[in-house]
Every structure is written in structure tokens, then in C-alpha cells.
Amino acid sequence: MTDKQAMVRPNERQPHVLLLTGAPGIGKTTVIRRVADKLKSNELGGFYTEEIREDGERRGFRLVSFDGLRRVIAHADFSTSRRVGRYGVDLAALDEAAELLRPGLGATIYLVDEIGKMECFSERLVAAMRALLGGEVPVVATVGARGGGFIAEVKQRPDCALWEVTRRNRDELPERILAWLREKMPASIRSGVAGRSAQP
């Protein structure tokens with residue numbers, strides 16, 4: 001495809017996990033949040049990550065769940081050996097986020113932003129993500145463009161499709177993702193997603 005958006009590793013089983021990758025700052029989180037805006041909050045599981053800015057400067061990152069939980073997961077002022085760049089990482093906050101991915105919460109769709117170096121410090125979060133990917137509920141997750149370990153592992157899973165977010169396709173991706181989700185969901189709830197996505 002000319003817009004560089006493509007599924008990789010064609011296989012017989014239709015993937016139930018959609019991974020979004022791309023350069024930092026390209027708009028992956030914005031795509032996830034626009035998809036969430038078109039869905040009912042009570043059917044969503046997972047979280048997204050937002051920047052913490054002070055006086056116009058990025059100082060850290062906050063995890064926000066779709067039921068309102070907010071936790072600072074990294075900050076320039078945190079004194080810890082676990083660091084990504086200049087940001088100290090709060091392992092306890094990431095461990096707590098693992099609960100947002102556990103089965104039995106009633107979610108019919110999971111949105112996860114993101115699978116990155118920061119999140120991979122938490123063994124509990126990685127284990128919860130592996131269990132989620134191994135299930136049957138549709139998942140849309142952003143993943144770092146670079147990185148080894150779990151970041152590389154998830155991109156190689158045969159039950160995952162990998163799309164690249166670019167400046168050219170990012171505005172139209174939310175509707176494409178909603179269409180992808182409708183194909184994965186049972187008919188009993190598919191119409192609700194279709195109805196919400198048709199609204200302006």
C-alpha cells in the first residue's frame with residue numbers, strides 16, 4: 001500500500017489483535033483516543049498514556065483508564081533506578097495498571113496505549129498483556145517502533161496484525177480501526193459500534 005499501512009505475516013487465522021506502530025509523536029495515542037470516543041466506555045478495557053506538561057515542558061507521563069483511573073507512571077522528578085531517558089518510572093503504578101487488563105471486567109474491546117519500554121519494566125503488566133493477547137477479545141494496542149524483549153515479541157505473534165501510523169494515514173485510521181473491530185465483534189454488539197461510529 002502506498003500509505004505504508006499494511007498487515008504483516010499473512011496467516012490462515014484472522015488476527016484478533018491490531019498493533020499500531022510508528023515514530024514517536026506521530027499520533028498513535030491520538031488515534032487510540034479517537035477510537036475510544038466512538039465507543040461506549042462501559043464496553044472498553046485498557047488505558048492510554050498522556051503527557052504531563054508544566055510551563056510548556058514535558059515532565060512526565062500519566063496513565064488514564066477508560067473508567068477514570070489516573071496514575072502518574074513516570075516523571076522527571078522521580079528518583080528511581082528504573083528510567084527511560086530522563087524520566088523515572090513508578091513500578092507500583094504500572095503493576096496496578098495490570099489489573100485494567102485482566103479478564104472478567106466485562107469489556108468487549110481492549111484499547112492499550114502503549115506497549116513500550118516504560119511499561120515493560122512491570123513484569124505484572126507484561127504478563128497481563130500476554131494473557132490478554134492470548135484470549136479472544138479484540139485488542140487494539142500501540143507498540144514502540146523500536147525495542148527488544150516483549151516489544152519485539154508481540155510484533156512476531158501470528159495472531160496480531162501490524163499497521164503503521166503515518167502523517168498521511170493517521171486522520172483516517174480511527175474509522176478503519178472501527179471497521180476492523182466491527183468484523184471481530186459478535187453480531188449482538190456489532191451494531192452498537194456501527195451506530196456510534198456513524199455519529200459526527
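The values are calculated or read from the model by the stated rules, or taken from the named source; none is laboratory data. Here the structure is a predicted model, which is why all the values come from computation and not from measurement. Note that each Cβ is placed from the backbone with ideal geometry, even for glycine, and that neighbours are counted across all protein chains shown.
Would you call F61 aromatic (F, W, Y) and more than 25 Å from T21 (Cβ to Cβ)? Against the criterion (aromatic (F, W, Y) and more than 25 Å from T21 (Cβ to Cβ)), F61 does not qualify. If you check S65, S122 for being in contact with a Gly (Cβ under 9 Å, 6 or more places away or on another chain), buried (at least 16 other Cβ atoms within 10 Å of the Cβ) and of a type in the set (G, A, S), only one passes: S65. Once the stretch 156-200 is narrowed to residues that are modelled with pLDDT under 80 and surrounded by 16 or more Cβ atoms within 10 Å (Cβ to Cβ), the residue that is farthest from D37 (Cα to Cα) is M185.
Taking every residue in the stretch 116-132 that is under 16 Å from A92 (Cβ atoms) and pairing it with any residue that is at pLDDT 95 or above and basic (K, R), at least 6 positions away or on another chain, the pairs with Cβ-Cβ distances below 7 Å are F121/R82.
For the stretch 128-150, which positions are crowded, with 20+ Cβ neighbours inside 10 Å and under 16 Å from L18 (Cβ atoms)? Hits for the stretch 128-150 are M129, L132, L133, P138, V139, V140, A141, T142, V143, G144.
Among the residues of the stretch 76-109, the ones that are among the acidic types (D, E) and within 15 Å of V126 (Cβ to Cβ) come to 3 in all. Identify the residue in the stretch 76-108 that is more than 19 Å from the chain's Cα centre (by Cα), of a type in the set (D, E, K, R) and surrounded by fewer than 15 Cβ atoms within 10 Å (Cβ to Cβ) and, among all such residues, is nearest to A131 (Cα to Cα). Among them, the one singled out is R86.
Among residues of the stretch 8-48 being in a loop (DSSP other than H, G, I, E, B), under 17 Å from the mean Cα position of the chain (by Cα) and modelled with pLDDT under 90, the one that is surrounded by the most Cβ atoms within 10 Å (Cβ to Cβ) is P15. Test each condition in (1) surrounded by fewer than 21 Cβ atoms within 10 Å (Cβ to Cβ); (2) within 26 Å of K38 (Cα to Cα); (3) of a type in the set (D, E, K, R) for E153 and report the one that comes out false. With respect to (1) surrounded by fewer than 21 Cβ atoms within 10 Å (Cβ to Cβ); (2) within 26 Å of K38 (Cα to Cα); (3) of a type in the set (D, E, K, R), E153 is out only on (2). Within the stretch 52-65, does at least one residue satisfy the condition of being in contact with a strand residue (DSSP E or B) (Cβ under 8 Å, 6 or more places away or on another chain), closer than 19 Å to I177 by Cα and modelled with pLDDT of 95 or more? No, that holds for no residue.
Once the stretch 51-70 is narrowed to residues that are under 15 Å from the mean Cα position of the chain (by Cα) and hydrophobic (A, V, I, L, M, F, W, C), the residue that is nearest to R86 (Cα to Cα) is F61.
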